[in-house]
Amino acid sequence: MTAPRILRKSEFFTSPRQAVAVADRYPQDAFAEHTHEFCELVLVWRGNGLHILNDRPYRITRGDLFYICAEDKHSYASVNDLVLQNIIYCPERLTLNVDWAEHIPGLGSAPRVPHWRIGSSGMAPARQAIAQLEQESCRDLPCSAQMAELIFAQLVLTLRRHRYATDNQAATASEALLDKLLTALAGSINHPFALEAFCAEQACSERALRQQFRTQTGMSINHYLRQLRVCHAQYLLRHTELMIGEVAMRCGFEDSNYFSVVFNREVGMTPGQWRHHHRNTA
């Protein structure tokens, strides 16, 4: 296999001392597998796409948050109006007396969780901090580097305060309806999801929610849930020895034949073919 491209510090940082920068993706196009000489935070604002991180696929949309380490390899595919921002940083250049490893997953020795979600209440202050960081990191003024690092610390703490596990429904109690729906869907990968019951519980219009979901994510609720299940199936097929029928059950499909039809339609291969192909190219 061809080695992934390495994104160099010199391509993105204006000086050997610059610690933080913002790389916009408006929109994010498909991007082949790559790694970096630096770390990054990835925050998705709208649209959808497939983010493959260290051979694990994630269907991403509004509110998805990733902590990427320098040694990670990742790529983007199947993008649809995907708008995100990459906040890139070099840990060894950070000078503030902050316990960065305490707030940024992957920098310390604790078990790593790279994928989180951030709700609507956290997106506004995060967007504001990123805008300030982007402006300050481009300046060549006295104390600009220190100011940029202070704003980066504010952003890191804002994300720490507002982030939650992707399927933690309790964490979305005070969040917007769309956040609650996205989290409920992430928690329904292995069992049926009843939109009618969800709307009754939230006292909202099913039609309006469907429309809002499509506007923000670029896909239907059913399509998003199907994509979540297919991504999880790909992970299980590649990293476990489970039989196809067991994979189907763990991904919310009671009928393994129907699972194969859906998987083939979404991926272009049967589950068995996909497993064989990726085992042989690993």
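No lab work stands behind these numbers, since they all come straight from the coordinates. None of the values given here were measured: they were computed from a predicted structure. Backbone-built Cβ (ideal geometry, glycine too); neighbour counts: all protein chains shown.
Listed values, structure above:
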quantity	calculated
Rg to Rh quotient for the range 36-100, alpha carbon positions, Kirkwood Rh	1.03
Highest average packing first - 119-131, 8-20, Cβ atoms within 10 Å	119-131, 8-20
Rounded, prolate or oblate (a/c below 1.5 giving rounded, otherwise prolate when a/b exceeds b/c) for the range 148-282 by Cα gyration tensor	oblate
Fewest-first ranking of 256, 109, using other Cβ atoms within 10 Å as the exposure measure	109, 256
Centre separation in Å (Cα based) which lies between the range 138-162 and the range 40-105	17 Å
Theoretical gain in end-to-end length, residue 214 to residue 92 [0.36 nm per residue, Cα-Cα removed]	39.8 nm
Estimated Rh, the range 170-226: Kirkwood, alpha-carbon pairs, angstrom	11.6 Å
Label-to-label distance, nm, for residues given as residue 75 and residue 55 (7 Å Cα→Cβ offset)	1.4 nm
